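Report on the structure given below.
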Protein chains: 2
Amino acid sequence: MTDTLPGLHPAAAASLHRWHGMVRARDLSGLKEIVHPDATFRSPMAHSPYRSADALALALGTVITVFQDFAYHRQLVSADGLDVVLEFSARVGDKQVKGVDLVRFGEDGRITDFEVMVRPLSGLQALGAEMGARLGHLLPAFKG
Amino acid sequence: MTDTLPGLHPAAAASLHRWHGMVRARDLSGLKEIVHPDATFRSPMAHSPYRSADALALALGTVITVFQDFAYHRQLVSADGLDVVLEFSARVGDKQVKGVDLVRFGEDGRITDFEVMVRPLSGLQALGAEMGARLGHLLPAFKG
């Protein structure tokens, strides 16, 4: 895993570098500095997206406490240099998961859309149970 | 959606072009011409991968009969030009799904690894039920 990705927009590359630093430190307290206030979070479990930087920070700040043995692998970039896919692996309890973060950046480098997908079904169910227990009473307020 | 993706290895680009043609025609009968015989298929449902071009052709040939209103959206490429992510949307019965194909090509352009992830949970469960009904008796033979 590397922070450099040919073709990535320079402002997006700067934010991605900060993102990787926050994940390595397991400290997302600075996340909102690189997120657009109206950003959208698309959960692997729920159909409806969640709106706002607050929702994104809440969801991602929680998920990094659920995932154990988290590691990023392949990184991919779109032709316009503003979308990246970050492949990851992790463990939720005794379930192994593979996943991707699909992250869309604005021209100013701020994240506008963050979508997560996870496989297999058993891992997604374990993740859903953990996230529901921690956030089930909070996240619905951000649906939209 | 376009077939051209800057940075994509030329041999991989040729195979990807053929892939998109097959998906548009909803006819994967030529798929094995662009798949390595020992390719791996990683299902969104199951933890264990399935081995061989036959398993890949069986799984993908079935899934395109399950997905309705299928459309590709964003395409992304890795720094070495041999991995692509293809974002898609589809419907399974009354469930909307979003998903990604993570496809790894060899230097000769043949697919060596094809991994699928789908969200949300309700869509993945609907897909799993349909795939299980059609393939549950066949795919386990390819587990590896």
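Remarks
- For the protein assembly as shown, the carbon plus sulfur part of the accessible surface works out to 54%, probe radius 1.4 Å.
- When nucleic acids and ligands are ignored and a 1.4 Å probe is applied, B:K98 ends up with an accessible area of around 50 Å².
- Teacher prompt: A:H47 distances to equivalent labels in other copies, 7 Å Cα→Cβ, nm: 2.9
- Here B:R51 sits with roughly 100 square angstrom of accessible surface, probe radius 1.4 Å.
- Antiparallel %, DSSP beta bridges [both residues in chain B], to 5: 85
- Copies compared at A:A14 - label distances in nm, ascending, label defined 7 Å from Cα in the Cβ direction: 4.2
- Enclosed volume per residue, in Å³, of the convex hull spanned by Cα atoms of chain A: 101
- A cut-off under 13 angstrom between Cβ atoms defines the neighbours of A:V118, and their net charge, with Lys, Arg +1 and Asp, Glu -1, is +3.
- 0 to 90° range, to nearest 10: angle between helix A:53-66 axis and chain A longest Cα axis: 60
- With contacts taken as Cα pairs under 8 Å and at least 6 residues apart, chain A reaches a relative contact order of 27 percent.
- A 1.4 Å probe run over the protein chains yields, for chain A, 41 Å² of accessible area per residue, whole-number rounding.
- Residue-averaged beta-carbon neighbours from other chains (10 angstrom radius) around A:69-78: 4
- Angle between chain A longest axis and helix A:121-135 axis [Cα atoms, degrees, rounded to 10]: 90
- In nanometers and ordered shortest first, the copy-to-copy spacing of the B:A25 label point, defined 7 Å from Cα toward Cβ, is 5.4.
- Chain B: angle of helix B:10-25 to the longest principal axis, Cα-based, in degrees nearest 10: 40
- Antiparallel bridges, percent of DSSP beta bridges restricted to the protein assembly as shown (to nearest 5): 90
- The charge dipole of the protein assembly as shown, taken about the Cα centre with unit charges on the Cβ atoms of Lys, Arg (+1) and Asp, Glu (-1), comes to about 720 debye, rounded to the nearest 20.
- Among the protein heavy atoms, those of B:S48 account for about 40 Å² of accessible surface (1.4 Å probe, every chain in place).
- Contact surface A-B: accessible area buried, both sides summed, square angstrom, 1.4 angstrom probe: 2600
- Charge sum, other residues only, whose C-beta stays under 13 Å from B:Q96's C-beta, Lys/Arg counted +1 and Asp/Glu -1: +3
The values are calculated or read from the model by the stated rules, or taken from the named source; none is laboratory data. Note that the structure is predicted; figures quoted are calculated from it, not measured. A quick note on method: Cβ atoms are made from the backbone with ideal geometry, for glycine too, and the neighbour counts reach across all protein chains shown. Just so you know, the surface numbers come from the protein's heavy atoms only, side chains and all, with ligands and any DNA or RNA stripped out. Shrake-Rupley method; radii C 1.70, N 1.55, O 1.52, S 1.80 Å.
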